[in-house]
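Here is the structure we will look at, set down as structure tokens.
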Number of protein chains: 2
Amino acid sequence: MFKPTEAELEILKVLWQHGPSTVRFVNDILNSKKDVGYTTTLKFLQIMNEKGLTIRDTDHKTHVYKAVINEADTKNRMIDDFVNNVFHGSAMNMVMQTLGNQKISHEDINDLKSIIAIIENKNINKD
Amino acid sequence: MFKPTEAELEILKVLWQHGPSTVRFVNDILNSKKDVGYTTTLKFLQIMNEKGLTIRDTDHKTHVYKAVINEADTKNRMIDDFVNNVFHGSAMNMVMQTLGNQKISHEDINDLKSIIAIIENKNINKD
DNA sequence: AAATATATACGAAACAATTCGTAGTGTAAA
DNA sequence: TTTACACTACGAATTGTTTCGTATATATTT
């Protein structure tokens, strides 16, 4: 499956967050973080289109690009890759190390508890 | 702070797991996963040494390389980077998405519960 | 001591990702 | 209708990473 490069991911994030967008719009958003030339952004969107990462509407002079690949799936795939590369494939190791190292709020803890409860119930039902 | 490339990380993992090692040893381990030429591994260790990622003992003909950077710190830094790149800086988002997508065993759940308990206690003591 | 094996050093090729300049085209304003 | 502007297309320079060949030194074996 597909793994976006870092620059491609930045663009995908814009498309995921804001929906189908013009090159100009994507470029403006990118520039709020870091200087990027317009034609650089354009080039990336063209490359991403070739790769099938996006599709575009070329009916009008100004093309509108839309992410083809799904945000959750892509992120899951990236998590898998990361876990494989850095944590010898153990997602739990990664989670534990993250929890041990982050500031976790009360709310976060509640969220964690409820997702754990959900997982537990799934397991019970499975047996 | 420093971020190893993928190839460098592979080597660091060997050094972390097995302790100070010769080029030959590192190369043998790497080759159990994927063909890598001996001089490729050598070159990387030389580069890593220049960058201060490793130090080496050159007393004998065969040099012995040792990781300078710490495993936990490096991994935490890589988690931070990953979370910033992919999850807009929210580690909790990343953890939640991981938990929602992985097979979690009974034991894992217990581990999670205990680390959550630890975090809760830390918070209580802080207030 | 010569031949063989095993090291290191290092330049440079190969490959991948990023960045941008320039050319060309269509649209709208003067 | 000429000029100005904003857009796309695309080649190519730049930068970073990976890979390896070749030269050379140092041991070890015959």
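The values are calculated or read from the model by the stated rules, or taken from the named source; none is laboratory data. Only a predicted model underlies this, so the values are computations on that prediction, with no experimental measurement involved. Neighbour counts are summed over all protein chains in view; Cβ atoms, including those assigned to glycine, are modelled from backbone coordinates with ideal geometry. These area figures cover heavy atoms from the full protein model, side chains too; ligands, DNA and RNA do not enter into them. Shrake-Rupley method; radii C 1.70, N 1.55, O 1.52, S 1.80 Å.
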Review point. Does residue B:48 meet the test of being assigned by TED's automatic domain parsing to the domain that holds residue B:116, modelled with pLDDT of 95 or more, of a type outside the set (Lys, Arg) and buried (at least 20 other Cβ atoms within 10 Å of the Cβ)?
Key: no
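For every residue, the table says whether it meets (1) surrounded by 13 or more Cβ atoms within 10 Å (Cβ to Cβ); (2) at the interface with chain A (Cβ under 7 Å from one of its Cβ atoms).
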position: B:52; (1), (2): no, no
position: B:60; (1), (2): no, no
position: B:63; (1), (2): yes, no
position: B:70; (1), (2): no, no
position: B:87; (1), (2): yes, no
position: B:93; (1), (2): yes, no
position: B:100; (1), (2): yes, yes
position: B:105; (1), (2): no, no
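For the stretch B:19-50, which positions are part of a strand (DSSP E or B) and within 8 Å of DNA strand C (Cβ to nearest atom)?
If the condition is that a residue be part of a strand (DSSP E or B) and within 8 Å of DNA strand C (Cβ to nearest atom), then B:22 is the only one that fits.
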Subset of the stretch B:57-67, residues near DNA strand C (Cβ under 8 Å from one of its atoms) and either of a type in the set (Asp, Glu) or without any contact (Cβ under 8 Å) to a residue 12 or more places away in the chain (or both), comes to B:58, B:61
Query - Residue check for residue B:111: within 7 Å of chain A (Cβ to nearest Cβ) and either over 30 Å from residue A:9 (Cβ atoms) or open to solvent by 80 Å² or more (accessible area, probe 1.4 Å) (or both) - result: yes
Among the residues in the stretch B:1-15, are any more than 14 Å from every other protein chain (Cβ to nearest Cβ) and surrounded by 14 or more Cβ atoms within 10 Å (Cβ to Cβ)? yes
Among the residues in the stretch A:98-107, are any aliphatic (A, V, I, L, M) and either within 16 Å of DNA strand C (Cβ to nearest atom) or in contact with a Gly (Cβ under 6 Å, 6 or more places away or on another chain) (or both)? no
